[in-house]
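Before any comments, here is the structure.
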Amino acid sequence: NIQDTITLHNGVKIPQLGFGVFKVEEGSQTVESVKKALEVGYRSIDTAAIYKNEEGVGKAIKESGIAREELFITSKVWNSDQGYESTLQAYEESLKRLGLDYLDLYLIHWPVKGKYNETWKALEKLYKEGRVRSIGVSNFHVHHLEDLFANSEIKPVIDQVELHPRLAQPELREFCAKHEIKVEAWGPLGQGHLIDEPTLNHIAEKHGKTTAQVLIRWHLQHGIVVIPKSITPSRIEENAQVFDFELSLDEMNKIDALNRNERYGADPDNFNF
Ligand code: NAD
């Protein structure tokens, strides 16, 4: 069901389906969307300092009345805060905005050249001191992970990357599996671009489900952690109704065949923010 978890290499459990809040406006839009998500059963929320909505996420958590230990809250250190001391400080600021005293997962948002290894040392310190339950990275290619391994003590539990049927990331998934790193998909709906894809539409129709539900199901069946976003209450609920059907092996293969290495977001080897 919606609260099913995947166990990370440090033993911490993350719900396989979570709720993302990129581009959700701070204030009532964030508070209402996150409260709706928690109401329909999501327990994992993915935010970031740069989304500028951590306060709203925190408010929704408080108003939901759900016990802190039942939730899995992720945030990320933004690029301009990378470096050792500035990351330690950024973590405190995120906690303060969220009104929390720990996060379940803290991620390096992007692999800023010449900085991410120092940033990682700060995450290792927070982890060793018990200030955060797990630490990971986002938008890391295989070569970034290899460089991180060569310069660190602790392996990330997760790499959160753009991943959907048109950008299936087979090499990264294989590498992460070998190193016990879970893959988490951002943009699982192709940020909306995949909703009209004919193969997906056809499979959805056969199951009496929507294309968004088929997309989320494809991620789940591949063992990928997935965090679709919506601000529309009916869609927040729709995206959670994915535990009452199963894609066949043939359908999974057909969806796998859509891969064409197409990104809707930036390439981690070439971003300028
Ligand atoms: P997404 O693939 O989840 O697509 C969201 C968009 O799809 C919505 O804005 C809406 O237009 C559409 N949509 C949602 N549900 C739908 C439905 N049921 N039917 C039809 N259309 C629907 O894209 P995303 O928000 O970019 O990614 C999900 C989450 O991943 C984000 O909210 C954020 O938490 C995270 N993220 C992380 C990074 C990173 O760099 N680490 C980057 C982007 C996003």
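Label-to-label distance for residue 270 and residue 118 is 2.7 nm, based on points extended 7 Å past Cα in the beta-carbon direction. Pairs exceeding a 19 Å alpha-carbon distance, out of 23/52; 115/229; 23/62; 115/155: 115/229; 23/62. Students often get this wrong: which residues of region 45-71 have the backbone nitrogen under 14 Å from the point 7 angstrom along Cα-to-C-beta of residue 102? Only 68-71 fall inside the zone, counting backbone N under 14 Å.
Computed from backbone phi, the HN-Hα couplings of region 83-96 come to x, 5, 5, 5, 6, 4, 5, 4, 4, 4, 5, 4, 4, 5 Hz, rounded to whole numbers (Karplus: 6.51 cos²θ - 1.76 cosθ + 1.60, θ = phi - 60°; Gly and Pro given as x). Legend: calculated FRET efficiency, residue 174 to residue 253, from the Cβ-Cβ distance at R0 = 25 Å, rounded to 0.05, equals 0.90.
Pairs with C-alpha atoms separated by more than 29 Å, drawn from the list 13/254; 178/254; 35/209; 36/96, are 13/254.
Under 5 Å between amide hydrogens, built in the peptide plane, is the criterion, and for residue 76 it picks out 48, 49, 107 among residues at least 5 positions away or on other chains. Hull volume per residue, based on the alpha-carbon atoms of the chain and their convex hull, is 117 Å³. Each residue of region 110-120 is assigned a 3J(HN,Hα), and the resulting list reads 9, x, 5, 4, x, 10, 5, 5, 5, 4, 4 Hz, derived from the Karplus form 6.51 cos²θ - 1.76 cosθ + 1.60 (θ = phi - 60°), x at Gly and Pro. Full extension of the chain between residue 129 and residue 142 yields a length gain of 1.9 nm, computed as 0.36 nm times the residue separation minus the alpha carbon distance.
In order along region 226-237, the phi-based Karplus estimate (6.51 cos²θ - 1.76 cosθ + 1.60, θ = phi - 60°) of 3J(HN,Hα) comes to 9, 9, x, 10, 7, 10, 8, x, 5, 6, 4, 6 Hz; Gly and Pro are listed as x. Using a simple spin-label model with pseudo-atoms 7 Å out from Cα toward Cβ, residue 149 and residue 232 lie 4.3 nm apart.
Dividing the radius of gyration of the alpha carbons in region 116-256 by their Kirkwood radius gives 1.04 for Rg/Rh. Which shape class, rounded, prolate or oblate, goes with region 51-196 when its Cα gyration tensor gives a ≥ b ≥ c as root eigenvalues, a/c under 1.5 marks rounded, and past that a/b bigger than b/c marks prolate? Cα axes put region 51-196 in the oblate bin.
Values quoted throughout were computed directly from the atomic coordinates according to the rules given, and no laboratory measurement underlies them. Just so it is clear, the structure is predicted and the values come from calculations on it, not from any experiment. Quick reminder, even Gly has a Cβ in these numbers, built from the backbone with ideal geometry, and neighbours come from all protein chains shown.
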